[in-house]
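Presented below is the structure to which this report refers.
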Amino acid sequence: MSLVKKFTEFIEVHLAGPMAKLANQRHLRAIRDGIIATLPLIIIGSFFLIIAFPPLPASWGVTQFLTANAATILLPYRMTMYIMTLYATFGIGASLSKTYNLDVISGGILSTIAFLLTFVPVNIPAEALDAAGTAGFVLPMANLGGGGMFVGIITSILAVEIYRLTDKSKFKITMPEQVPPAVARSFETLTPTLIVILGISTLTYFIGFDWHSTISKIVSPLVSAADSLPSVLLLIFLITFFWSFGIHGVSIVGSLARPLWLQLLDGNTAAMAAGKELPSIAAEPFYQWFIWIGGSGCTIGLALLLAFKTKSQFASKLGKATLAPAIFNINEPLIFGTPIVLNPILIIPFILTPMVTATIAWFATQLGLVNRVIFTAPWTLPGPIGAYLATGGDWRAAVLNIILIVISVVIYYPFVMIYDSNELEKEHALGETN
């Protein structure tokens, strides 16, 4: 038995099962689904950043108009992406409640109030009205965004688990069957609501526990590390490694890394809105437009080679059929059609190519050759367009994306030629048999 076959069997027996279970673990799935549910708000909200700071010459009249009204233009951004954790908590709570067969709306509301109770409203005196523009109690918004994501995750899960325990133990108010379902659900959630509000209020307001600074101190090393090149390369390796054995790498690694990516992106958008230097490189759009070009594994080069350079009928037809999806970053047909899964020839460039493109893109961004990402463009856009939008309209990012596509073709080329040669031999053998 060959070493490759033994290794493949080891992965299938000892790794594939546990990783599949991890990907479907209810809490991780709830976090993933809750955050993904906010993507429309993130995409549309961040678009207003580009409008407020257009990639146009400053001398143009439209640029001057937009700059003069930037504060107003940014208000939709501040009410969407800027406070995205507020919306994510509802999604996380609703998703987790669904897995427990609890009322999803009640779970979402409980999670949201649990998160809000970690904030201490600031009282602005009436004397400061002229300077502050408001008076009375106001809610500090900074941690309602990516900065508060980990607190939102913790409190959302805590709230739903309390809801589940009260439901399981029957420690709740049960109404007669004649009562309308909506009214009955409201009374059933009185007990968990009381526990959540009393518990978190006590911690926040009476004991004085600062959720956000405490959690921030714990996760700040992770956030800083996530913006380093070694971390980027490690995440790429893990995602492509899992994919190589048919395990959805993004579902596993992305569920864990996405809160970190969102904090990095939130820091960039907040700095952009404040007119400051952007602090981070490796937010999620960086992966999408400079690493996952054509899909995980940067398979745009593979699709191009299969479509235009292969001689075997199978490879050529597969390439032509999968090229259009690959242009729009959909590559499951390639991953399972070639297949890349358990294919020792194509696994090598599948892992190597995105690591090379990531290294080039990371240094290009670090050196200021391209802008840092501020915008979550729809992931189905063709690469150069998505890169242009994600960096706030930097044409150099589009050029870099094209260069990386060329590099992808170069790296995949020798492996595709070997693959094509093997397919030709199979077709010739089949033809002789027939």
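The values are calculated or read from the model by the stated rules, or taken from the named source; none is laboratory data. All values derive from a computational prediction rather than experimental measurement. Here the Cβ is made from the backbone with ideal geometry for all residues, glycine too, and neighbour counts use every protein chain on show. Side chains included, ligands, DNA and RNA excluded: accessible areas come from the protein's heavy atoms. Shrake-Rupley method; radii C 1.70, N 1.55, O 1.52, S 1.80 Å.
The residue that is surrounded by the fewest Cβ atoms within 10 Å (Cβ to Cβ), among those in region 334-345 that are touching a helix residue (DSSP H, G or I) at 6+ places or on another chain (Cβ under 6 Å) and in a helix (DSSP H, G or I), is P344.
To keep it simple, each residue is scored yes or no on (1) touching a strand residue (DSSP E or B) at 6+ places or on another chain (Cβ under 9 Å); (2) acidic (D, E); (3) in contact (Cβ under 8 Å) with a residue 60 or more places away in the chain; (4) open to solvent by less than 50 Å² (accessible area, probe 1.4 Å).
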{"position": "E332", "(1), (2), (3), (4)": "no, yes, no, no"}
{"position": "F350", "(1), (2), (3), (4)": "no, no, yes, yes"}
{"position": "Q366", "(1), (2), (3), (4)": "no, no, yes, no"}
{"position": "I385", "(1), (2), (3), (4)": "no, no, no, no"}
{"position": "Y413", "(1), (2), (3), (4)": "no, no, yes, no"}
{"position": "E427", "(1), (2), (3), (4)": "no, yes, yes, no"}
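Pairs linking a residue in region 368-379 that is farther than 17 Å from I51 by Cβ and surrounded by fewer than 21 Cβ atoms within 10 Å (Cβ to Cβ) to a residue that is of a type in the set (A, V, I, L, M, F, W, C) and at pLDDT 90 or above, with Cβ atoms under 8 Å and 6 or more positions apart or on different chains, are L369/L400. Of all residues in region 256-305, those being among the β-branched types (V, I, T) and assigned to a helix (DSSP H, G or I) number 2. If you go through region 97-111 one residue at a time, do you hit one that is out of contact with any Lys or Arg (no Cβ under 6 Å at 6 or more places or on another chain) and assigned to a strand (DSSP E or B)? Within region 97-111 (the criterion being out of contact with any Lys or Arg (no Cβ under 6 Å at 6 or more places or on another chain) and assigned to a strand (DSSP E or B)), the answer is no, since none of the residues qualifies.
What's the total number of residues in region 305-330 that are of a type outside the set (F, W, Y) and surrounded by fewer than 15 Cβ atoms within 10 Å (Cβ to Cβ)?
Adding up the residues that qualify gives 5.
Scanning region 62-95 for residues that are out of contact with any Asp or Glu (no Cβ under 7 Å at 6 or more places or on another chain) and more than 21 Å from A273 (Cα to Cα) turns up A88, T89, F90, I92, G93, A94. Has region 300-321 got any residue that is among the polar types (S, T, N, Q), touching an Asp or Glu at 6+ places or on another chain (Cβ under 9 Å) and under 24 Å from I236 (Cα atoms)? No, every residue in region 300-321 fails to be among the polar types (S, T, N, Q), touching an Asp or Glu at 6+ places or on another chain (Cβ under 9 Å) and under 24 Å from I236 (Cα atoms). For T134, the stated conditions do not hold, so it cannot be described as closer than 30 Å to Q25 by Cβ and at pLDDT below 95. I92 passes every criterion in (1) buried (at least 17 other Cβ atoms within 10 Å of the Cβ); (2) under 30 Å from N268 (Cα atoms); (3) free of Cβ contacts under 8 Å to residues at least 60 places away in the same chain; (4) of a type in the set (V, I, T) apart from (3). Which of the residues spanning region 186-229 are open to solvent by less than 80 Å² (accessible area, probe 1.4 Å), hydrophobic (A, V, I, L, M, F, W, C) and more than 16 Å from L110 (Cα to Cα)? Result: L203, F209, W211, I215, V219, V223, A225, A226, L229. Against the list (1) surrounded by 17 or more Cβ atoms within 10 Å (Cβ to Cβ); (2) within 16 Å of G294 (Cα to Cα), the condition T391 fails is (2). Answer yes if at least one residue in region 113-128 is at pLDDT below 80 and open to solvent by 60 Å² or more (accessible area, probe 1.4 Å), and no otherwise. Looking through region 113-128, at least one residue is at pLDDT below 80 and open to solvent by 60 Å² or more (accessible area, probe 1.4 Å). Would you mind stating whether F290 is more than 26 Å from I153 (Cα to Cα), open to solvent by 20 Å² or more (accessible area, probe 1.4 Å) and of a type outside the set (S, T, Y)? Spelling it out, it is not the case that F290 is more than 26 Å from I153 (Cα to Cα), open to solvent by 20 Å² or more (accessible area, probe 1.4 Å) and of a type outside the set (S, T, Y).
Among the residues of region 230-251, how many are within 16 Å of the chain's Cα centre (by Cα), open to solvent by 10 Å² or more (accessible area, probe 1.4 Å) and either at pLDDT 85 or above or farther than 12 Å from I335 by Cα (or both)? Final tally of qualifying residues: 5. All told, A321 meets the bar of being part of a helix (DSSP H, G or I) and either farther than 19 Å from L306 by Cα or in contact (Cβ under 8 Å) with a residue 12 or more places away in the chain (or both).
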